[in-house]
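These notes are about the structure you will find just below.
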Amino acid sequence: MHISDGVLPVSVTLGGYAVSAALAAWSARRTTSDQLPKVAVVTSAFFVASLVHIPLGPTSAHLLLPGLAGALLGPVAFIAIGLGLLLQCLLFQFGGLTALGANALMMGLPAIACGWLFQALKGNTHMRHAAAGAAAGATGTAMAAVFLAGFLAAGGEDFFGVAKIAMAAHVPVIVIEGAVSALTIGFLFRVKPELLETGLVTPKKESHD
């Protein structure tokens, strides 16, 4: 799922960095100090899950967790995913520095969208939360795969075939991510439901009374 250096045109690379920088700043403004421990845990989970690659021809598949990250963090998920991608790039050369902006968009935008999707669907029962988690997990990975195919197609005709393989390779991952997210959200609903109430964060206004 990581796009490597040299794949994307310069215009796409620069555009990816510009949009990612704006979203990262927007996400950071919505991060409160009490959320930092959860951000660290989600970043760690994303970092570890994305390290396990299954080679599939010229591409590979692995767990992504953008939907689950979005359900737990909302807009703050973009920062968590961006940090995870940066560490993977620097420590393990997954992806590339020039493609970091595009990679962040590819996984961060679905996370933000799935945060809102989860909040809209979660309801008040365990079953509704689990179903909303499954929807967010599957949708996040499906959206990331579509972004990946689009970015690869932007690299030229040489990458059209890889884009098609990447889309097909992530079909089973979509199913697995839905199941993992459903189980995780269902477990948290039973043991610590307050973690699921802070998915969307807005900056607090200071009182001058």
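If we keep just the residues of the range 105-128 that are open to solvent by 10 Å² or more (accessible area, probe 1.4 Å), assigned to a helix (DSSP H, G or I) and among the small types (Gly, Ala, Ser), which is nearest to residue 151 (Cα to Cα)?
113
Going through 108, 95, 137, 123 one at a time, which residue ends up being in contact (Cβ under 8 Å) with a residue 60 or more places away in the chain and more than 12 Å from residue 64 (Cβ to Cβ)?
95
So which of 4, 27 is under 26 Å from residue 174 (Cα atoms), hydroxyl-bearing (Ser, Thr, Tyr) and open to solvent by less than 40 Å² (accessible area, probe 1.4 Å)?
Criteria check complete, one pass: 27.
Does the range 129-142 hold any residues that are among the aliphatic types (A, V, I, L, M) and either touching a Pro at 6+ places or on another chain (Cβ under 7 Å) or open to solvent by 50 Å² or more (accessible area, probe 1.4 Å) (or both), and which are they?
Within the range 129-142, 131 is the sole residue that qualifies.
Which one of these is in contact with a Gly (Cβ under 9 Å, 6 or more places away or on another chain) and over 20 Å from residue 197 (Cα atoms): 96, 133, 84, 150?
96
Does residue 80 count as surrounded by fewer than 23 Cβ atoms within 10 Å (Cβ to Cβ) and at pLDDT 90 or above?
no
Name the residue that is most open to solvent (accessible area, probe 1.4 Å), counting only residues in the range 30-51 that are of a type in the set (Gly, Ala, Ser) and in a helix (DSSP H, G or I).
Among residues in the range 30-51 that are of a type in the set (Gly, Ala, Ser) and in a helix (DSSP H, G or I), the one most open to solvent (accessible area, probe 1.4 Å) is 33.
If a residue must be at pLDDT 85 or above and within 12 Å of residue 81 (Cα to Cα), how many such residues does the range 29-58 contain?
Residues in the range 29-58 being at pLDDT 85 or above and within 12 Å of residue 81 (Cα to Cα): 9 in total.
The values are calculated or read from the model by the stated rules, or taken from the named source; none is laboratory data. Everything numeric in this text was worked out from a predicted model, so none of it was measured. Don't worry about glycine lacking a Cβ; one is built from the backbone with ideal geometry, like all the others, and counts go over all protein chains shown. Note: accessible area is taken over every heavy atom of the protein model, side chains too, but ligands, DNA and RNA are not part of it. Shrake-Rupley method; radii C 1.70, N 1.55, O 1.52, S 1.80 Å.
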